[in-house]
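Below is one structure, written out as structure tokens; the observations come after it.
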Amino acid sequence: MKVDVLLGLQWGDEGKGKVVDVLTPRYDVVARFQGGPNAGHTLEFEGQKYVLRSIPSGIFQGDKINIIGNGVVLDPALFKAEAEALEASGHPLKERLHISKKAHLILPTHRILDAAYEAAKGDAKVGTTGKGIGPTYTDKVSRNGLRVGDILHNFAEKYAEAKARHEKILKSLNYEYDITELEKQWMEGIDYLRGFHLVDSEHEVNGLLKAGKSILCEGAQGTMLDVDFGSYPFVTSSNTICAGACTGLGLGPNRIGEVYGIMKAYCTRVGSGPFPTELFDETGKTIRDLGHEYGAVTGRERRCGWIDLVALRYAIMINGVTKLILMKSDVLDGFDTVKACVAYRVNGEEIDYFPYDISEGVEPVYAEFPGWKTDMTKMTSEDEFPEEFNAYITFLEEQLETPIKIVSVGPDREQTIERYID
Ligand code: GDP
Ligand code: IMO
Ligand code: MG
């Protein structure tokens, strides 16, 4: 069996949670492979809305197994809050959620370090989610991290050592903090975590595949936030791309089947960093209002702009995307004109590839389309698509050389249209 991967092609918040939930009935297992509680994946069904951060978005569909892989970083306090809220709302997960012993733990001091490093950067700050993601992955790579499996042996000692090391750094930064409450909740989270299936997920995942089970890997963040290929240094600290599913779950590259790339019909970004198609005018504000473009967890305003086909072509290449999923086109339903960036103008020259540096001097070149001016939110089949919308998606497919398999026309599970193409 192969695994399919579903991941974001822009700067995150493309709608990954919604589509994973929709696709889950076709799979036996859903697995997260990177990121942590910096993610906020929203799902809506039966009039209820849920936001998931560390728990895979397959948790609401029957008794599927959901795996948190080794590539994920886990904050036990936030995990406990998320899991308890789900259980309280009638979604028991203890038996269905398996957590890799090799996943790294976000310590309370990692969160404080995240804030301290951001403060030290001043205007150059990344605008992180403040969840300790960077410092935790830093400790992983520098071979100082604590892993979920560590909570099973001599944990107090290992924790004290890591905390002391972090305290030294915080002292050198003259950063004032109070860890008491954070640490209390975190320790409660560690006890809570002990009640879950802590597994060698690489063995589990490969064993399931051998037994003929199908797996959907759920990406977090987006390709333009990838630590290698994103808009560095304004990125997250993990590989958000398809290759991350291999390292974050222990899968051979030949195991990858379909790669679903998700994009919005426009583009958003939270936090600092370059964004060539950003709109600072009324149109940008209209997209934000109609698309409710505010952080799923933090409530931060998302920056909005037109869809960027130059960046998308790059993302499709890096991930080996086989099928596209177009989200939130309904937000543009009332627009007279819709634009798509097809090239960049750099130093007076037009380029159609994604350059090394997009931090300045990159001017988008747009193609314009007449809007479809039709409420598409109740449509259930592509047969109902207005002519202008068909022209628009055909143009996107030609430009991106990849078929659009799913069109999402609203936040609810039901507002999802699968196209006839294979
Ligand atoms: P994720 O991080 O990729 O899972 O995306 P988020 O949940 O952070 O952000 C996507 C937002 O758009 C959420 O509020 C979803 O409920 C909402 N959403 C998803 N698909 C659609 C859609 O097709 N149309 C509209 N209007 N909203 C959508
Ligand atoms: P989902 O999975 C959008 C952004 C932050 C910041 C940068 C680094 O919901 O799409 P970090 O806390 O990871 O060190 O922050 O990355 N960021 C996201 N933006 N969606 C996300 O996740 C994000 N996770 C991190 O805003 O700019
Ligand atoms: Mg999100």
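The values are calculated or read from the model by the stated rules, or taken from the named source; none is laboratory data. None of these values were measured; they are calculated from a predicted model. Cβ coordinates were reconstructed from backbone atoms using ideal geometry, including for glycine residues, and neighbour counts include every protein chain displayed. Protein only, heavy atoms only, side chains kept; ligands, DNA and RNA dropped before computing areas. Shrake-Rupley method; radii C 1.70, N 1.55, O 1.52, S 1.80 Å.
Do the alpha carbons of any pairs in 49/158; 323/378; 339/405 sit beyond 30 Å of each other, and which pairs? Don't jump to the answer; show the numbers that get you there.
Working: 49/158 39 Å; 323/378 24 Å; 339/405 21 Å.
As for pairs spanning more than 30 Å Cα to Cα, those are 49/158.
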Original post:
Can you give the FRET efficiency for residue 1 and residue 185, using 1/(1 + (r/R0)^6), R0 = 60 Å, r = Cβ-Cβ distance, to the nearest 0.05?
Top reply: 0.90
Original post:
For the chain, what is the calculated [θ] at 222 nm in deg cm²/dmol (nearest 500), taking -39500 (n - 2.57) for each run of four or more DSSP H residues and dividing by its residue count?
Top reply: -9000 deg cm²/dmol
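I want the antiparallel fraction of DSSP beta bridges within the chain, as a percent rounded to 5.
40 percent
Let's test the formula: R0 of 51 Å, r as the Cβ-Cβ distance of residue 286 and residue 115. What FRET efficiency results, to the nearest 0.05?
After rounding, the FRET efficiency stands at 0.95.
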Subject >> Calculated from backbone phi, Karplus (6.51, -1.76, 1.60) coupling profile of the stretch 34-44 in Hz, x at Gly/Pro >> reply: 7, x, x, x, 6, 6, x, 10, 9, 10, 10
**OP:** Pop out the ³J(HN,Hα) list for the stretch 50-66 in order, Karplus 6.51 cos²θ - 1.76 cosθ + 1.60 with θ = phi - 60°, rounded to Hz; leave Gly and Pro as x.
**Re:** 10, 10, 9, 10, 10, 8, x, 7, x, 6, 9, 10, x, 9, 5, 7, 10
Original post:
Taking the Cα atoms of the stretch 116-206 alone, what are Rg (to one decimal) and Dmax (as a whole number) in Å?
Top reply: 15.6, 47
**OP:** Please give the FRET efficiency for residue 51 paired with residue 211, using the beta carbon to beta carbon distance and R0 = 22 Å, rounded to the nearest 0.05.
**Re:** 0.10
Original post:
Of the GluC sites (Glu not before Pro) in the stretch 299-372, which ones lie in a loop per DSSP and count no more than 10 other C-beta atoms within 10 Å?
Top reply: 360
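Cα convex hull of the stretch 252-301: mean projected area in nm², to one decimal? Provide the component values of the computation, followed by the final result.
Working: hull surface 22.9 nm².
Mean orientational projected area (the stretch 252-301, Cα hull): 5.7 nm².
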Original post:
Given a 1.4 Å probe and every protein chain left where it sits, what share in percent of the accessible area of the stretch 1-119 is carbon and sulfur?
Top reply: 50 percent
Subject >> Amide hydrogen neighbours beyond the local backbone of residue 256, cut-off 5 Å, H modeled >> reply: 3
Original post:
In 10 Å bins starting at 0, how do the alpha-carbon pair distances of the chain split up by percent?
Top reply: 4, 23, 32, 25, 13, 3, 0
**OP:** Convert each backbone phi in the stretch 321-326 into a coupling constant with the Karplus relation 6.51 cos²θ - 1.76 cosθ + 1.60 (shift: θ = phi - 60°), then list the ³J(HN,Hα) values in order as whole Hz, x for Gly and Pro.
**Re:** 4, 9, 9, 9, 10, 9
Original post:
In the chain, with Lys and Arg counted as +1 and Asp and Glu as -1 at Cβ, which of these residues, 306, 29, 105, has the Cα nearest the positive end of the dipole, that is, farthest along it?
Top reply: 105
Original post:
What percentage of the solvent-accessible surface of the stretch 350-422, computed with a 1.4 Å probe over protein heavy atoms, is contributed by carbon and sulfur atoms?
Top reply: 47 percent
**OP:** With all distinct Cα pairs included, what does the Kirkwood hydrodynamic radius of the stretch 1-131 come out to in Å, to one decimal, could you say?
**Re:** 15.8 Å
Subject >> Inter-label distance for residue 391 and residue 101, nm, one decimal - labels placed 7 Å from Cα along Cα-to-Cβ >> reply: 6.1 nm
Original post:
Magnitude of the Cβ-charge dipole of the stretch 57-113, K/R +1 and D/E -1, about the Cα centre, nearest 20 debye?
Top reply: 240 debye
Original post:
How large is the charge dipole for the stretch 1-159, taken about the Cα centre, if only the Cβ atoms of Lys, Arg (+1) and Asp, Glu (-1) carry charge, to the nearest 20 debye?
Top reply: 440 debye
Original post:
Counting Lys and Arg as +1 and Asp and Glu as -1, each charge on the Cβ, what is the dipole of the chain about the Cα centre in debye, to the nearest 20?
Top reply: 1640 debye
Subject >> Sparsely packed chymotrypsin sites (Phe, Trp or Tyr not before Pro) within the stretch 310-393, loop by DSSP, other Cβ within 10 Å at most 16 >> reply: 353, 356
Original post:
For the stretch 263-381, what does the equivalent ellipsoid look like in terms of its semi-axes, each the square root of 5 times an eigenvalue of the Cα gyration tensor, given largest first in whole Å?
Top reply: 24, 17, 16
Subject >> Kirkwood hydrodynamic radius over Cα pairs of the stretch 66-190, then Stokes diffusion coefficient at 4 °C and 1.567 mPa s, in µm²/s >> reply: 84 µm²/s
**OP:** May I ask you to give the solvent-accessible area per residue for the chain, in square angstrom, as obtained with a 1.4 angstrom probe?
**Re:** 42 Å²
Original post:
So how compact is the stretch 361-422: Cα radius of gyration and Dmax in angstrom?
Top reply: 13.4, 42
Original post:
Between residue 419 and residue 161, what is the spin-label point distance in nm, taking each point 7 Å from the Cα along the Cα→C-beta axis?
Top reply: 5.4 nm
Original post:
Tell me, what is the Rg over Rh of the stretch 174-305, with Rh the Kirkwood radius over Cα pairs?
Top reply: 1.06
Original post:
For the chain, modelled as a GNM with alpha-carbon contacts under 10 angstrom, which of 378, 140, 168 fluctuates the most?
Top reply: 168
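Heavy atoms only, probe 1.4 Å: what % of the accessible area of the stretch 258-347 goes to carbon and sulfur, would you let me know?
51 percent
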